[in-house]
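Before any comments, here is the structure.
The values are calculated or read from the model by the stated rules, or taken from the named source; none is laboratory data. All figures in this text were calculated on a predicted structure; none of them were measured in a lab. Every residue, glycine among them, receives a Cβ derived from its backbone with ideal geometry; neighbour counts consider all protein chains shown. Protein only, heavy atoms only, side chains kept; ligands, DNA and RNA dropped before computing areas. Shrake-Rupley method; radii C 1.70, N 1.55, O 1.52, S 1.80 Å.
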Amino acid sequence: TESVKHWYKGPDFLWLKEEDWRLQQPEFVINEMDPEVQRVKQVNSTSITFEPVLDIIERRISNWNRMKRVMALVLLFIRKCKKQPTTEMQVNDIEKAGKKLIKMEQHKYLSTALKDSHKRSKKMKWLTKLDPFIDSDGVLKVGGRLQNSEQSNQINFPIILPRKGKISQRLIEW
C-alpha cells in the first residue's frame, strides 16, 4: 500500500514548497573494499606511423619532372625549418632534388648490395662487374674503362639504378 501511494502521489518532498526541497544530492559513501566497486582504468596512447618521403612521392606522382619539383619543395621546406637562408626554388634546387631522389632510391634497393659488395656474393655479382663507386654527390655510379674517355662525366660514369624502382621507371618513361 505504501508503494502504491508512492506511485500515485510521488515522493513526499514534492508536496512541500520548493524552498524546502533538498537542492543537493545525498552523499553516498563508497566502500573501497566492496567487490562490486570497480576502479576505472584509463590508458591513453598515440601512435605515429612513419612513411618515408620517397614512398609517398613514388605512390602519388607519376612524372619524373613533377617528382623532382616536389622533392625540391620538400628540401626547401626542410631548409626553412632549420632556419637556413633560403630563396625561391631555382633550377639547381631541382637538379639537387633529382640527385636526392636517385640517392634515396639507391639506398632503398641497393644498400644491402653496397654493404655486401666486398663479399662478392652471387646475388651481387652483377654489381661488382660494374666496378661501382660513389661520386662526390653520394650517387652510386659505374666505374671502369670509360674514365679514360674524353666525354663528360655523365656519359663516362652512368648512374646505377635498381631494376624494380619506381624512380627508374619514371626516368625511363621521361
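Here are the numbers for the structure shown:
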| quantity | calculated |
| --- | --- |
| Residue 75 within 22 Å of residue 157 (Cβ to Cβ), open to solvent by less than 60 Å² (accessible area, probe 1.4 Å), within 19 Å of the chain's Cα centre (by Cα) and modelled with pLDDT of 85 or more | no |
| Filter result for residue 64 (more than 30 Å from residue 102 (Cβ to Cβ) and either open to solvent by 80 Å² or more (accessible area, probe 1.4 Å) or not charged (D, E, K, R) (or both)) | no |
| Complete set of residues in region 1-37 that are at pLDDT 75 or above, within 60 Å of the chain's Cα centre (by Cα) and not aliphatic (A, V, I, L, M) | 31, 32, 34, 35, 36 |
| Residue match in region 39-56 (condition: of a type outside the set (S, T, N, Q), modelled with pLDDT under 80 and farther than 30 Å from residue 162 by Cα) | yes |
| Region 48-90 - residue that is in a loop (DSSP other than H, G, I, E, B) and of a type in the set (D, E, K, R) and, of those, farthest from residue 169 (Cα to Cα) | 83 |
| Checklist (1) surrounded by 15 or more Cβ atoms within 10 Å (Cβ to Cβ); (2) modelled with pLDDT under 80; (3) not in a helix (DSSP H, G or I) applied to residue 161, failing item | (2) |
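Yes/no matrix, rows are residues, columns are (1) within 24 Å of residue 138 (Cα to Cα); (2) open to solvent by less than 100 Å² (accessible area, probe 1.4 Å):
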position: 16; (1), (2): no, yes
position: 71; (1), (2): yes, yes
position: 80; (1), (2): yes, no
position: 85; (1), (2): yes, no
position: 102; (1), (2): yes, yes
position: 107; (1), (2): yes, no
